[in-house]
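Below you'll find the structure, written out as C-alpha cells, and then a few comments.
The values are calculated or read from the model by the stated rules, or taken from the named source; none is laboratory data. Small disclaimer: the values here were computed from a predicted structure and weren't measured. Please note: Cβ atoms are built from the backbone with ideal geometry, for glycine as well, and neighbour counts cover all protein chains shown. Accessible surface areas use protein heavy atoms only, side chains included; no ligands, DNA or RNA. Shrake-Rupley method; radii C 1.70, N 1.55, O 1.52, S 1.80 Å.
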Amino acid sequence: MPPRLRLFYSLLTAGLLVIPVVALYSELSKRSDIWWTPLPIAASLTESQDRVEIYVRGKPLGALLNEGKLRITEETGSGTLGASEFSLRFNNWDRVRVTRLPILLFYAAACGAGGLLVLLVATGRLAYRGEKEPVAA
C-alpha cells in the first residue's frame, strides 16, 4: 500500500477509534457511590424481605416488631416500635453494574478491533494489489 494511503487510513481508523474509547472512558469514570435508593422511596421492612433479612440477637426483626419487644427511648418518653417505622435504603450498584455490562463489552470489543485495524494498516500488513492490466489472449 502506498505510504500516503497507509497514513490516511491509519489516521482515519485512529480517529474513528476515539469514539468507543471516549464512550468506554465515560462509562467507567461514572461515580459508583450514587446508586443508593433515594430516601423518599425507601423500601419498607415487608417490601424488602426478598433482598435483606435483619436479625437482632438472633431473632428476626419482623417477629420482634410484631411482638412489640422493641422500644425506643427519647427525651419525651418511650414507645414501642412498629414495622411501619422502619425503612431500608439499598445500594443498587450490583443491579446497575449488570445493566451496564453489555455496553461496556461492546465498547471494549470495538476498541480492540479498532486498535487491531490501526496496527494492520500502519504496518502495511493488509494485502494491497494494484490494478493489473488485462491479459490479451
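Odds and ends about this structure:
- Lone qualifier among Gly115, Gly62 - being closer than 30 Å to Leu16 by Cβ, at pLDDT 80 or above and in a helix (DSSP H, G or I): Gly115
- Among the residues of the stretch 1-24, some residue qualifies, meaning at least one is modelled with pLDDT under 85 and in a loop (DSSP other than H, G, I, E, B).
- Test result for Arg100, under 30 Å from Tyr25 (Cα atoms), surrounded by 12 or more Cβ atoms within 10 Å (Cβ to Cβ) and not aromatic (Phe, Trp, Tyr): yes
Residue-by-condition table, conditions (1) surrounded by 12 or more Cβ atoms within 10 Å (Cβ to Cβ); (2) modelled with pLDDT under 80; (3) within 23 Å of the chain's Cα centre (by Cα):
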| site | (1), (2), (3) |
| --- | --- |
| Pro40 | no, no, no |
| Ile54 | yes, no, no |
| Ile72 | no, no, no |
| Gly82 | yes, yes, no |
| Leu119 | yes, no, no |
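- Failed item in (1) open to solvent by 80 Å² or more (accessible area, probe 1.4 Å); (2) in a helix (DSSP H, G or I), with Glu47 passing the rest: (2)
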